[in-house]
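Encoded as structure tokens, the structure appears first; notes follow it.
The values are calculated or read from the model by the stated rules, or taken from the named source; none is laboratory data. In this text, all values refer to a predicted model and were calculated from it rather than measured experimentally. In this analysis, Cβ positions are derived from the backbone assuming ideal geometry, glycine residues included, and neighbour counts consider all displayed protein chains.
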Amino acid sequence: MVVVLESGATPGQVDHIIRVLHDYGFDVHQSTGVQHTVLGAIGVHPEFDHRQIELLPGVSEVVRITEPFKLASRAFKREGSVVDVGGVPIGGEAVVIMAGPCSVESEEQIDTIAARVAASGARILRGGAFKPRTSPYAFQGLGEDGLRMLRTAADAHGLKVITEVMDKSQIDLVERYADVLQVGARNMQNYTFLKDLGRISKPVMLKRGLAATIEEWLMASEYILAGGNQHVILCERGIRTFETATRNTMDIGAIPVVKKKSHLPVVADPSHGIGIRDKVIPMARAAVAAGADGLMVEVHHDPDHAKSDGAQSIYPDQFDQMMQEVRLIAQAIGRRLA
């Protein structure tokens, strides 16, 4: 349930309300919004009478949350959350662009791409140092050397870094280099791993699973939020359906649906969503029009020789075109590019 506090509630009253909730066996999470401070009381207590909380000094109202995802729901936080990535806000008025290669391949490669995407207006550099590949014989990434190259290229061109972390053993290492830790689609329901990410302080971007429903996706985010990490970004990257004409089916409709259900910012990944180079830009336009708070796009200056996902990576000139087009769309719906 959500306990909405009065605007004039004193710190002493807030502390007392939290103690009472703890005495009843609830875990309590506090969220301070523009108009109200709310307390999220998490726990299953069928016989609990919420009127016992409504009578406490400083309480405005108590609202039952019917969704299974408590902390991710709009009932817990009415305003949209803004996740601060080293000074780059995700979830506010501005649409943030994340761009870079699928994999970090060399210092020259990542620096060349970082320079191009930064010049076009990207704010965050993406690139994989650890790659979860379907085949064990495919390129698996450069590991820490790749992380070091990614960080160096980003710093040289004024960018932040997002990269994938694949299991608990990599968290400390990736945290040293990245500004955002990405959870790939295959790990969306690795709940033990999500609990570990709930204990860190850096932002986490959670990609939707290959066949996950929206509720399953939001429930996965709940594991991170319940662990104490409130800096969660969702990423729609397409789902697997019966369609074979594209790599995945880009679920554009999920963006406005999730934004109504949840306060968490939503980023779209059209590169994985459709998997075909010349279809990435139309999907990017559609995602921004649907309300996405950011885009994650794969860009490569020589995609025909890329070590992974070259077919879905756009050229730098195409990225320039995409930026011009999505900038106009953002303006048309009252937003702007970061």
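Odds and ends about this structure:
- Among the residues of the stretch 187-215, not one is in contact with a Ser or Thr (Cβ under 6 Å, 6 or more places away or on another chain) and of a type in the set (Lys, Arg).
- Looking across Ala211, Ala220, Ala129, one residue alone is touching a residue at least 24 places away in the same chain (Cβ under 8 Å), farther than 24 Å from Thr249 by Cα and of a type in the set (Gly, Ala, Ser). It is Ala129.
Residue-wise test of (1) touching a Gly at 6+ places or on another chain (Cβ under 9 Å); (2) outside any helix (DSSP H, G or I); (3) not assigned by TED's automatic domain parsing to the domain that holds Glu164.
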{"site": "Gly273", "(1), (2), (3)": "yes, no, no"}
{"site": "Asp278", "(1), (2), (3)": "no, no, no"}
{"site": "Met283", "(1), (2), (3)": "yes, no, no"}
{"site": "Ala292", "(1), (2), (3)": "no, yes, no"}
{"site": "Val297", "(1), (2), (3)": "yes, yes, no"}
{"site": "His301", "(1), (2), (3)": "no, yes, no"}
{"site": "Asp304", "(1), (2), (3)": "yes, no, no"}
{"site": "Ala311", "(1), (2), (3)": "yes, no, no"}
{"site": "Asp317", "(1), (2), (3)": "no, no, no"}
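- Residue among Gly58, Gly100 that is buried (at least 17 other Cβ atoms within 10 Å of the Cβ), outside the structural domain of Met219 (by TED's automatic domain parsing), at positive phi and modelled with pLDDT of 90 or more: Gly58
- Val62 in contact (Cβ under 8 Å) with a residue 60 or more places away in the chain, over 25 Å from the mean Cα position of the chain (by Cα) and not in a loop (DSSP other than H, G, I, E, B): yes
Matching residues to (1) of a type in the set (A, V, I, L, M, F, W, C); (2) not in a helix (DSSP H, G or I):
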| residue | (1), (2) |
| --- | --- |
| Val4 | yes, yes |
| Gln13 | no, no |
| Val20 | yes, no |
| Gln30 | no, yes |
| Gly40 | no, yes |
| Thr66 | no, yes |
| Gly92 | no, yes |
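- Among the residues of this structure, Val20 counts as one that is among the β-branched types (Val, Ile, Thr) and not assigned by TED's automatic domain parsing to the domain that holds Pro203.
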